[in-house]
Amino acid sequence: MGAPYYSTAQDIPSTYTDLLGSSVTTPVIIHPAMGIPDTGGWITVREAFGLAEKFAYKNTSITSYEEGQTSLISSQLVDSNGDPIVDSAGDVITSPILPATEMVVGRDTRIHPFIRGSFGQAANLIDSSELPAANIFYSGTMLVNSHDDDGSNLQSQSFTVPYLISNGEGKFLVNISQPHSELFTWMITSAIADATGAESTLATPAPVQMRGGTQTMAIAYDETDLQFNMPVAAGTQVRIRIYDYLGELSSDETIDYSSTITRNLQKRSLLVAEAISSSAFSVSDSYLYIPGVEAAGLGTFDLSMTLVTVDGELQLQLESAAASSFSGTGNSVDLNTGILVIPSMDLVDSSGAVSTYNLQLQLVPESNPVRLRIVSATQ
């Protein structure tokens, strides 16, 4: 595979290459730790992404032996024998193969990560002619270093290479072993959006660790104006809470979602954006969630319940009741009769199929923990 980096230990098993087949319809992202070899299971990977059997570039800095020269670029400096160059303390000398920052969708974005230890970064220098243009999802700058055998006279040359490669069918291959998380999070959220046809969670790159969805969470590792989208319809109520670095709630608001949301986050603050969802019962989890239940003078609550059997009767046991900022759900409880009305509840069966019911529950007198029995359930 080409010394000193490639060995058979780096082969990729069919467990992963099978995911690149057309029968897999969910997004798939392959992220090599040390380049893209050209033998074994990696042949399948190269074919899936339209890559050349071998890349043309030969990195003469990794060894003086032509048979060992591959297109792999590493931030570790090695001598002409392929051995790492170390400093007086015995630590491997490294030099970045990525610039500190680049402009990404109009934003100055960090590219080069902070790396502890000497493992460094690796990537293949791939010319744009070595794969279909349509398969280049995102390109950026790569720095190829040259130096003397002792690591002195270090110089670098810039190339534009694919950072993220697509096969156009929701499958992606990352060419950079360790990009900065600011770039990486944006690339991956953009890739998933492309594969699913949804809006990207991140509208622009941002210094955050993030999870998207109807409950979006973001932890900022630097101050930023976070711009994000949520997979909900316009008009959906979204509760946005921001906690400071001490875990204290600094902001709590509920808005009607329309388009991209922008909120300022201070360093180490946490944002939680939660969209109101329909009442839903999961058959596989025996779990019922009911948002925005109006309880007259007591307030409005989000309820969580689990299905239990009591004396042969199926009942729903209250697990939690949290103050809710959601309104207009139609869910309500009559405190005099103990009747809980749920006009629309999605029942999700074990296969994921959804049926919608009008549900009425009634409080079981003196039950502890609190339980409700099913009065009616009509489609």
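On a full-extension model of 0.36 nm per residue, what is the gain between S327 and D127, subtracting their alpha-carbon distance, rounded to one decimal in nm? All intermediate terms of the calculation are to be shown ahead of the outcome.
Details: separation 200, 0.36 × 200 = 72.00 nm, distance 5.52 nm.
Contour length minus the Cα-Cα distance gives 66.5 nm.
What is the antiparallel percent of DSSP beta bridges lying wholly in the chain, to the nearest 5? Intermediate values should be presented prior to the final figure.
On the way: 91 of 99 bridges.
DSSP beta bridges in the chain are roughly 90 percent antiparallel.
Per residue, what volume in Å³ does the Cα convex hull of segment 293-334 take up? Before the final figure, lay out each step's value.
Numbers: hull volume 3.6 nm³, N = 42.
So the per-residue hull volume is 86 Å³.
Once phi is turned into θ = phi - 60°, what whole-Hz ³J(HN,Hα) does the Karplus curve with 6.51, -1.76 and 1.60 give for every residue of segment 97-107, x standing for Gly and Pro?
Each residue of segment 97-107 in turn: 9, 10, x, 5, 9, 8, 7, 10, 6, x, 10 Hz.
How much length is gained if the chain between A52 and D83 is pulled fully straight, taking 0.36 nm per residue apart and subtracting their Cα-Cα distance, in nm to one decimal?
Values: separation 31, 0.36 × 31 = 11.16 nm, distance 2.81 nm.
Answer, rounded to one decimal: 8.3 nm.
Take each of the peptides 46-55, 98-107, average the number of other beta-carbon atoms within 10 Å over its residues, and list them starting from the highest. If you can, show how the numbers build up before the last one.
On the way: 46-55: 17.5, 98-107: 14.3.
Result, highest mean Cβ count within 10 Å first: 46-55, 98-107.
Set the Förster distance to 25 Å, then compute FRET efficiency between S286 and Q362 from the Cβ-Cβ distance, nearest 0.05.
On the way: r = 19 Å, r/R0 = 0.77.
According to the calculation, E is roughly 0.80.
Please give the FRET efficiency for M103 paired with S14, using the beta carbon to beta carbon distance and R0 = 51 Å, rounded to the nearest 0.05. Can you show the working numbers first?
On the way: r = 40 Å, r/R0 = 0.78.
Here the calculated transfer efficiency is 0.80.
Amide H neighbours of N59 under 5 Å, counting only residues 5+ apart in sequence or on other chains, H built in-plane at 1.01 Å?
T70, S71, L72
Which aspartates and glutamates have a Cα less than 19 Å from the Cα of K58, not counting those fewer than 8 places away in the same chain?
D38, E66, E67, D79, D83, D127, E130, D148, D149
Please report the equivalent ellipsoid semi-axes of segment 261-315, computed as sqrt(5 x eigenvalue) of the Cα gyration tensor, largest first, in whole Å. Intermediate values should be presented prior to the final figure.
Numbers: eigenvalues 216, 54, 21 Å².
Semi-axes from the Cα gyration tensor: 33, 16, 10 Å.
Please list, short to long, the whole-number percent of alpha-carbon pairs of segment 208-275 in consecutive 10 angstrom bins beginning at zero.
The distribution over segment 208-275 is 23, 58, 19, 1, given as percents.
Peptides 263-273, 148-158: what's the order by average Cβ count within 10 Å, highest mean first?
263-273, 148-158
Quick one: helix 181-196 against the long Cα principal axis of the chain, what's the angle to the nearest 10°, folded into 0 to 90?
60 degrees
Mind checking the full-extension length gain between Y65 and S344? Use 0.36 nm per residue of separation minus the Cα-Cα distance, one decimal, nm. Mind showing how you got there, number by number?
Details: separation 279, 0.36 × 279 = 100.44 nm, distance 7.06 nm.
This chain segment gains 93.4 nm when fully extended.
Would you kindly derive the ³J(HN,Hα) couplings of segment 40-53 from the backbone phi angles with the Karplus curve 6.51 cos²θ - 1.76 cosθ + 1.60 (θ = phi - 60°), listing them in order in whole Hz, with x for Gly and Pro?
x, x, 5, 4, 4, 4, 4, 5, 5, 9, x, 7, 5, 4
Quick one: work out Rg over Rh on the C-alpha atoms of the chain, Rh as Kirkwood radius.
1.11
Give the distance, in whole Å, between the Cα centre of segment 218-240 and the Cα centre of segment 305-379.
Value for the Cα centre distance between the two parts: 30 Å.
If you plug each phi of segment 16-22 into the Karplus form 6.51 cos²θ - 1.76 cosθ + 1.60 with θ = phi - 60°, what whole-Hz ³J(HN,Hα) values come out, in order, with x for Gly and Pro?
Along segment 16-22, the couplings run 8, 5, 5, 5, 7, x, 5 Hz.
Kirkwood Rh over Cα pairs of segment 234-379 into Stokes-Einstein at 20 °C, 1.002 mPa s: D in µm²/s?
Working: Rh = 16.9 Å.
Once the numbers are plugged in, D ends up at 127 µm²/s.
Roughly how compact is segment 179-218, stated as its Cα Rg over 2.2 N^0.38 Å to two decimals?
Working: Rg = 9.5 Å, N = 40, 2.2 N^0.38 = 8.9 Å.
Taking N as the residue count of segment 179-218, the ratio is 1.07.
What nm value, rounded to one decimal, do you get for the distance between L314 and N336 when each label is placed 7 Å out toward the C-beta?
Once both label points are built, they end up 3.1 nm from each other.
Computed from the coordinates by the stated procedures, all read-outs in this text should not be read as laboratory data. If you're wondering where the values come from, they're calculated on a predicted model, not measured in any experiment. Note that we place each Cβ from the backbone using ideal geometry, even for glycine, and neighbour counts take in every protein chain shown.
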